[in-house]
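Chemist: Dropping the structure in here first, questions after.
The values are calculated or read from the model by the stated rules, or taken from the named source; none is laboratory data. The structure displayed is predicted, hence computed values, not measured ones. Glycine also receives a Cβ, built like all others from the backbone with ideal geometry; neighbour counts cover every protein chain displayed.
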């Protein structure tokens, strides 16, 4: 079955992708600098509100389209919403890490930094793959999802080894594992976004 994406829906998707990227960037900076700035609080608050509104418009707009487009736009809005809420959960754990001054080891910080950066950078490619269905972009996204998922699994195993050796603080361990879980969930939602059948613009 062919899928349709209207011009209006395309604009909402591009807007959501851009805001997710900005939101994730602020969270990443807070993680790397181990600091919550006033800018972080303002930007994450504003972007969260705008993203909710944008995704609501995307979902509600499907009611004014054909049955075919309605299905794909509802699924798209739902999966982007899931990405958004997992990003916000990551934000919550980063805030806890900073406020309670929970420090990661150098190795754990490097692992998490690379996973967060890679997952954030992929969101624009996911948007491009969703809208263009360019086989090369879709293939690139699929490979990056697979690579990051493998890296996350490897990090989880290495973390368990550090925990067993007593070189990881229990509170840091809990935060680290939750961050890994939510990053993995985001990658899963990315995969769901691009795994629909071919999409054709109106």
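Chemist: Go over the candidates 45, 61 one by one and state the one that is at pLDDT below 90 and either farther than 19 Å from residue 124 by Cα or under 15 Å from the mean Cα position of the chain (by Cα) (or both). I'd like the intermediate steps shown before the answer.
Modeler: Working: 45 fails: at pLDDT below 90.
Among 45, 61, only 61 is at pLDDT below 90 and either farther than 19 Å from residue 124 by Cα or under 15 Å from the mean Cα position of the chain (by Cα) (or both).
This table checks each residue for (1) modelled with pLDDT of 90 or more; (2) under 23 Å from residue 136 (Cβ atoms); (3) not in a strand (DSSP E or B).
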site: 168; (1), (2), (3): no, no, yes
site: 176; (1), (2), (3): yes, no, yes
site: 188; (1), (2), (3): yes, yes, yes
site: 191; (1), (2), (3): yes, yes, yes
site: 197; (1), (2), (3): no, yes, yes
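Chemist: So which of 36, 103 is modelled with pLDDT of 95 or more and not in a helix (DSSP H, G or I)? Spell out the reasoning first.
Modeler: Values: 103 fails: modelled with pLDDT of 95 or more.
Of 36, 103, the one residue that is modelled with pLDDT of 95 or more and not in a helix (DSSP H, G or I) is 36.
Chemist: From the residues in region 109-120 that are exposed (fewer than 15 other Cβ atoms within 10 Å of the Cβ) and free of Cβ contacts under 8 Å to residues at least 40 places away in the same chain, which one is farthest from the chain's Cα centre (by Cα)?
Modeler: Going through the qualifying residues, I end up with 110.
Chemist: Separate question: Among the residues of region 73-88, is there at least one that is more than 19 Å from residue 23 (Cβ to Cβ) and either buried (at least 20 other Cβ atoms within 10 Å of the Cβ) or free of Cβ contacts under 8 Å to residues at least 60 places away in the same chain (or both)?
Modeler: yes
Chemist: Does residue 51 satisfy the condition of being without any contact (Cβ under 8 Å) to a residue 60 or more places away in the chain, within 22 Å of residue 191 (Cβ to Cβ) and touching a helix residue (DSSP H, G or I) at 6+ places or on another chain (Cβ under 9 Å)? It would help to see each step written out before you state the result.
Modeler: Working: without any contact (Cβ under 8 Å) to a residue 60 or more places away in the chain: yes; within 22 Å of residue 191 (Cβ to Cβ): yes; touching a helix residue (DSSP H, G or I) at 6+ places or on another chain (Cβ under 9 Å): yes.
Yes, satisfied.
Chemist: Still on this model: Looking at region 99-108, which of its residues are on the phi < 0 side of the Ramachandran plot and surrounded by fewer than 16 Cβ atoms within 10 Å (Cβ to Cβ)? Reasoning before the result, please.
Modeler: First pass over region 99-108, keeping only residues on the phi < 0 side of the Ramachandran plot: 99-100, 102-108.
Answer for region 99-108, where residues must be on the phi < 0 side of the Ramachandran plot and surrounded by fewer than 16 Cβ atoms within 10 Å (Cβ to Cβ): 99, 100, 103, 105, 106, 107.
Chemist: Please work out if residue 129 is more than 20 Å from residue 25 (Cβ to Cβ), touching a residue at least 60 places away in the same chain (Cβ under 8 Å) and crowded, with 21+ Cβ neighbours inside 10 Å. Steps first, please.
Modeler: Working: more than 20 Å from residue 25 (Cβ to Cβ): yes; touching a residue at least 60 places away in the same chain (Cβ under 8 Å): yes; crowded, with 21+ Cβ neighbours inside 10 Å: yes.
So residue 129 passes the test.
Chemist: Moving on to the next point. Scan region 132-142 and tell me whether some residue there is surrounded by fewer than 18 Cβ atoms within 10 Å (Cβ to Cβ), out of contact with any strand residue (DSSP E or B) (no Cβ under 7 Å at 6 or more places or on another chain), on the phi > 0 side of the Ramachandran plot and part of a loop (DSSP other than H, G, I, E, B). Quick ask: steps written out before the conclusion?
Modeler: Taking region 132-142 as the starting set, the residues that turn out to be surrounded by fewer than 18 Cβ atoms within 10 Å (Cβ to Cβ) are 132, 134-136, 139-140, 142.
Filter once more, so that each one left must be out of contact with any strand residue (DSSP E or B) (no Cβ under 7 Å at 6 or more places or on another chain): 132, 134-136, 139-140, 142.
Checking which are on the phi > 0 side of the Ramachandran plot leaves us with none.
Checked region 132-142: no residue is surrounded by fewer than 18 Cβ atoms within 10 Å (Cβ to Cβ), out of contact with any strand residue (DSSP E or B) (no Cβ under 7 Å at 6 or more places or on another chain), on the phi > 0 side of the Ramachandran plot and part of a loop (DSSP other than H, G, I, E, B).
Chemist: From 146, 152, which residue is surrounded by 15 or more Cβ atoms within 10 Å (Cβ to Cβ) and under 15 Å from residue 183 (Cα atoms)? First the steps, then the outcome.
Modeler: Numbers: 146 fails: surrounded by 15 or more Cβ atoms within 10 Å (Cβ to Cβ).
Step by step, each of 146, 152 is checked, and only 152 is surrounded by 15 or more Cβ atoms within 10 Å (Cβ to Cβ) and under 15 Å from residue 183 (Cα atoms).
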